[in-house]
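Right, one structure below, let's go through it.
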Amino acid sequence: MKIKERFVYLECTTCGNRNYTTHKRLKAAYKLEKSKYCRFCRKHLPHKEKKL
Ligand SMILES: [Zn+2]
């Protein structure tokens, strides 16, 4: 069985830059939120998913 995945952006919640792309399952109910390094803010900040 194939697992359908789609790509999403991870957008910095502070400056709004889309710093990362990742993928998640198509029907996943959760929202991705990860602490990632933002090169614009120059520190680790929470990044939220945005559709590609
Ligand atoms: Zn930022």
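Take segment 12-29 and flag every residue that is under 9 Å from HIS47 (Cβ atoms) and near the ligand (Cβ under 9 Å from one of its atoms).
CYS12, THR13, ASN19
Listed residues CYS15, CYS41; which is surrounded by 14 or more Cβ atoms within 10 Å (Cβ to Cβ) and of a type outside the set (Phe, Trp, Tyr)?
CYS41
Where in segment 1-41 are there strands (runs of 3 or more DSSP E), lying wholly inside it, with at least 2 residues that are farther than 13 Å from LEU52 by Cβ?
Strands (runs of 3 or more DSSP E) meeting the threshold: 18-25, 33-38.
FYI, it's all coordinate maths here, none of it is from the lab. Being a predicted model, the structure only gives us computed values, none of them experimental. Neighbour counts run over all protein chains shown; Cβ positions are idealised from the backbone, glycine included.
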